[in-house]
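S.K.: So that we are looking at the same thing, I have put the structure below in structure tokens.
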Amino acid sequence: MSLPTSIRRSMFETMVRSRFWDDRLTTQYWIDKTPVFAFGAGPLPGELHTSHGQEPVGAGVCAALSDEDMITTGHRPHHIAVARGVDLREMSAELFGKKAGLSGGRGGHMHLYDKRVNFSSSGIIAEGLGPAAGMAFARKMQKKSGVALSFLGDGAVNQGAFHEVMNIVGLHKLPFICVIEDNKWAVTTHKSMSTACERNSDRAENYGMTGEFVEGNDPELIYLATQRALERARSGEGGTILEIETVRLSGHFMGDPAGYITGEKSDYQVDPVPVYRARLIDDGILTEQEASDIERVIGAEVDEAITFALDADYPDANDALNCTFA
Amino acid sequence: MSTKEAAPWESPTSGESSSRSLTICRAQREAVDWEMEHDERVFMMGEDVAGFGGVFGTADGLGDKFGSDRVIDMPISETGWIGMAAGAAMEGMRPIIELAYVDFIGVCYNAIVNHAAKTYFMSGGQFKVPMVLISGTGAGYSNAAQHSQCLHATLAHMPGLKVVSPTNAYDAKGMMHTAIRDDNFVVFLVHKGASGVGFMGPLVKTSLSDVPQEDYTVPFGKIKVYREGTDVTIAGVGLAVHQALQSADSLAKMGISAEVVDIRSLVPLDREGIIESVAKTGRLVVADEDYHSYGVSGEVIASVIERDATIFKAPPQRVCIPDVSIPFSRPLEYSILPLEERITSAALKTIENV
């Protein structure tokens with residue numbers, strides 16, 4: 001089955017946008033962090049978990065969604081946020097701790113919220129599942145449409161929250177998709193050392209859900225699998241555990257050289273962005289010139305967002321005291 | 001409405017009277033019922049709520065009245081469904097959830113403090129989380145270390161959630177209305193011993209009160225002076241307030257006039273109200289069934305001292321659980337509870353110290 005050209009092109013653009021943004025952030029991140037590395041130093045402080053390699057998941061899943069669908073995600077949110085259309089300038093400003101940021105600099109990179117596109121992220125492993133299921137539950141009670149999706153890594157499946165929430169999703173046949181990004185690594189621990197089964201999607205049957213495993217970090221297969229899961233959710237057939245094979249091309253966070261990814265464990269570490277670019281050119285969807293044009297335009301857009309963030313004002317220090325209660 | 005007959009301790013309701021004597025449990029149930037009737041965003045979720053009505057009867061009859069779509073039984077998966085409640089609240093609902101015993105927060109503390117309490121802040125105000133968590137606190141019935149704690153300080157310590165603990169039926173109903181209408185996450189704690197729940201034996205008379213049929217609110221952040229006095233302020237939380245009232249009777253027989261203050265709202269805390277009382281008496285005893293160290297008692301005393309270190313005529317006293325786990329055996333348990341005798345001794349100490 002071949003996808004419409006516009007969708008294929010759009011997914012490529014999304015992957016490029018996410019990659020370029022992460023690349024620019026990486027450059028900014030290292031400012032003032034050498035020769036002594038400290039999370040808290042420089043214009044872009046804190047932990048930073050970039051999405052290098054996982055772009056197809058954000059691009060493929062989010063291309064299939066509708067505006068009313070809802071997303072929660074975890075500590076590695078960039079590719080999903082970009083794909084969902086979270087405002088790039090405001091999100092950049094948030095990462096740099098600026099007043100113009102999504103949350104006025106209160107959240108930072110792991111805690112991104114954009115109500116306009118029904119997006120939120122949480123830094124606590126697997127604990128975005130409950131809120132997402134609750135959002136699905138709310139829509140069901142309100143008799144409004146909308147499917148909730150929660151993204152987590154394969155390592156997060158070993159959290160109790162996963163099993164608690166999947167059971168409730170199955171019990172109530174909630175319009176819900178659990179997207180597991182199987183990058184094989186829970187920080188430095190390989191999936192083979194942490195997880196008793198090969199495919200977490202196989203667990204779905206026990207929760208009264210449908211399980212699908214998508215191989216190859218391929219945005220098109222991811223898009224199609226998401227479409228199937230959305231159809232099931234919207235038609236009242238309940239939830240899906242959608243496990244997507246992907247790669248983490250970087251360390252767990254910036255500063256982790258990932259020396260543990262060696263030998264056969266590095267064989268699948270293929271960068272999906274040039275792969276998809278070449279494929280679209282091969283398939284005659286894009287010419288080399290068009291691909292370059294896309295990269296140039298998106299590069300300028302990303303640069304503009306970073307410049308906006310760098311130029312923006314820091315919040316007034318007293319802002320720390322606001323916003324604890326509504 | 002529920003067809004359940006009035007419990008033996010409840011005054012028979014007549015059509016003419018607009019208020020009746022109720023227990024805390026029955027009173028808070030009325031507020032939940034009223035809010036569910038008037039606001040379709042309000043729903044109840046928890047373990048054993050739909051058919052059984054919840055451990056404290058808060059949902060008694062509400063499952064039949066509103067149906068299983070709005071009074072929803074949940075599996076024993078608290079981090080899952082408390083996280084869900086937070087998500088439903090983010091999407092515009094107003095969940096009321098029940099965690100039977102506050103001791104169980106260990107299994108869902110993350111959903112409570114890292115999600116429900118922090119989302120409004122972390123989102124820069126984009127997502128509100130208006131929900132109410134009801135839970136039972138307290139010891140005194142040989143249920144030992146894992147089913148007897150108060151833990152209100154463990155919750156009140158965390159920014160982003162309000163914590164209240166009414167000690168009588170009138171306050172319970174009014175504060176439940178306030179809690180459900182609040183745009184924030186409110187933890188609503190009731191000491192099992194004062195609640196009127198069936199498994200706790202004789203009722204604490206001072207927890208009963210005349211409760212109007214109509215809806216009304218009792219604001220958070222205001223102490224309640226149960227009994228006025230001039231010699232010593234006894235500020236209490238939960239069941240300790242009722243022990244303090246007995247203590248005030250004993251002290252009165254000794255010619256000492258004790259003012260009994262119910263803190264009742266831990267977050268927000270009425271520091272001004274407490275200071276006003278201590279300014280009058282010059283002496284303070286805090287009676288709190290939570291652990292002694294790093295708790296409400298220390299917070300209350302510090303709040304007074306920060307304002308005016310010269311206010312005390314004698315060093316303030318704390319009557320709390322002395323930083324041990326709560327024992328099972330009756331003599332062991334009773335020895336560590338903030339009961340009337342300990343409160344009276346502490347009050348006398350402030351007088352003798354003049």
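The values are calculated or read from the model by the stated rules, or taken from the named source; none is laboratory data. Note that this is a predicted model, so its numbers are computed, not measured. Quick reminder, even Gly has a Cβ in these numbers, built from the backbone with ideal geometry, and neighbours come from all protein chains shown.
S.K.: Within the range A:59-156, considering only helices (runs of 4 or more DSSP H) that don't extend past its boundaries, which have at least 1 residues that are buried (at least 24 other Cβ atoms within 10 Å of the Cβ) and facing chain B (nearest Cβ under 8 Å)?
M.R.: Numbers: elements: A:78-84, A:88-95, A:129-142.
Here the list reads A:129-142.
S.K.: Could you check the range A:10-56 and list, in sequence order, the residues that are over 22 Å from A:Phe308 (Cβ atoms), within 22 Å of the chain's Cα centre (by Cα), outside any helix (DSSP H, G or I) and of a type in the set (Gly, Ala, Ser)?
M.R.: Listed by number, the list holds a single entry, A:Gly53.
S.K.: (1) in contact with a strand residue (DSSP E or B) (Cβ under 8 Å, 6 or more places away or on another chain); (2) away from every other protein chain (no Cβ under 14 Å): which one isn't true of A:Gly239, the others all being true?
M.R.: It is condition (2) that A:Gly239 fails.
S.K.: Please count how many residues of the range B:219-245 are in contact (Cβ under 8 Å) with a residue 60 or more places away in the chain, closer than 17 Å to B:Leu189 by Cα and among the charged types (D, E, K, R).
M.R.: Residues flagged as in contact (Cβ under 8 Å) with a residue 60 or more places away in the chain, closer than 17 Å to B:Leu189 by Cα and among the charged types (D, E, K, R) within the range B:219-245 amount to 0.
S.K.: Among the residues of the range B:238-255, is any of a type in the set (Lys, Arg), surrounded by fewer than 20 Cβ atoms within 10 Å (Cβ to Cβ) and closer than 23 Å to B:Lys313 by Cα?
M.R.: To start, the set of residues in the range B:238-255 that are of a type in the set (Lys, Arg) comprises B:253.
Applying the additional criterion that residues be surrounded by fewer than 20 Cβ atoms within 10 Å (Cβ to Cβ) yields B:253.
When the remaining residues are screened for being closer than 23 Å to B:Lys313 by Cα, the result is B:253.
Yes: the range B:238-255 contains one or more residues that are of a type in the set (Lys, Arg), surrounded by fewer than 20 Cβ atoms within 10 Å (Cβ to Cβ) and closer than 23 Å to B:Lys313 by Cα.
S.K.: Name the residues in the range A:205-244 that are of a type outside the set (A, V, I, L, M, F, W, C), buried (at least 24 other Cβ atoms within 10 Å of the Cβ) and in a loop (DSSP other than H, G, I, E, B), would you? Full working, then the answer.
M.R.: Of the range A:205-244, the ones of a type outside the set (A, V, I, L, M, F, W, C) are A:205-208, A:210-212, A:215-220, A:223, A:226-228, A:231-232, A:234-240, A:243.
Subsequent filtering for residues that are buried (at least 24 other Cβ atoms within 10 Å of the Cβ) retains A:217, A:219, A:226, A:239-240, A:243.
Within the range A:205-244, A:Asn217, A:Gly239 qualify.
S.K.: Hey, can you tell me all the residues within the range A:36-58 that are in contact (Cβ under 8 Å) with a residue 60 or more places away in the chain and either buried (at least 20 other Cβ atoms within 10 Å of the Cβ) or within 17 Å of A:Arg228 (Cα to Cα) (or both)? Spell out the reasoning first.
M.R.: Keep residues of the range A:36-58 that are in contact (Cβ under 8 Å) with a residue 60 or more places away in the chain, which gives A:37, A:39, A:43, A:46-50, A:52-57.
Answer for the range A:36-58, where residues must be in contact (Cβ under 8 Å) with a residue 60 or more places away in the chain and either buried (at least 20 other Cβ atoms within 10 Å of the Cβ) or within 17 Å of A:Arg228 (Cα to Cα) (or both): A:Leu48, A:His49, A:Thr50, A:His52, A:Gly53, A:Gln54, A:Glu55, A:Pro56, A:Val57.
S.K.: Can you find a residue in the range B:183-192 that is part of a helix (DSSP H, G or I) and over 30 Å from B:Ala89 (Cα atoms)? Explain how you work it out, then say what you get.
M.R.: Our first condition is that a residue be part of a helix (DSSP H, G or I); within the range B:183-192, this holds for B:192.
Remaining after also requiring over 30 Å from B:Ala89 (Cα atoms): none.
No, the range B:183-192 contains no residue that is part of a helix (DSSP H, G or I) and over 30 Å from B:Ala89 (Cα atoms).
S.K.: I need every pair where a residue in the range B:297-320 that is over 14 Å from B:Ile234 (Cα atoms) has its Cβ under 8 Å from the Cβ of a residue that is modelled with pLDDT of 95 or more and among the polar types (S, T, N, Q), sequence separation at least 6 or different chains.
M.R.: Between residues of the range B:297-320 that are over 14 Å from B:Ile234 (Cα atoms) and residues that are modelled with pLDDT of 95 or more and among the polar types (S, T, N, Q), the close pairs are B:Lys313/B:Thr350.
S.K.: Now for a different question. Which residues, counting only those in the range B:47-57, are at pLDDT 90 or above and on the phi > 0 side of the Ramachandran plot?
M.R.: B:Asp48, B:Gly53, B:Gly54
S.K.: Read through the list (1) crowded, with 24+ Cβ neighbours inside 10 Å; (2) more than 14 Å from chain A (Cβ to nearest Cβ), then give the number of the only condition that B:Val129 fails.
M.R.: B:Val129 satisfies every listed condition except (2).
S.K.: List, please: which pairs have Cβ atoms under 6 Å, are six or more places apart or on different chains, and start with a residue in the range A:166-190 that is closer than 19 Å to A:Thr73 by Cα and end with one that is acidic (Asp, Glu)?
M.R.: Close Cβ pairs satisfying both conditions: A:Ile180/A:Asp154; A:Ile180/A:Glu243; A:Asp182/A:Asp154; A:Asp182/A:Glu243; A:Asp182/A:Glu245.
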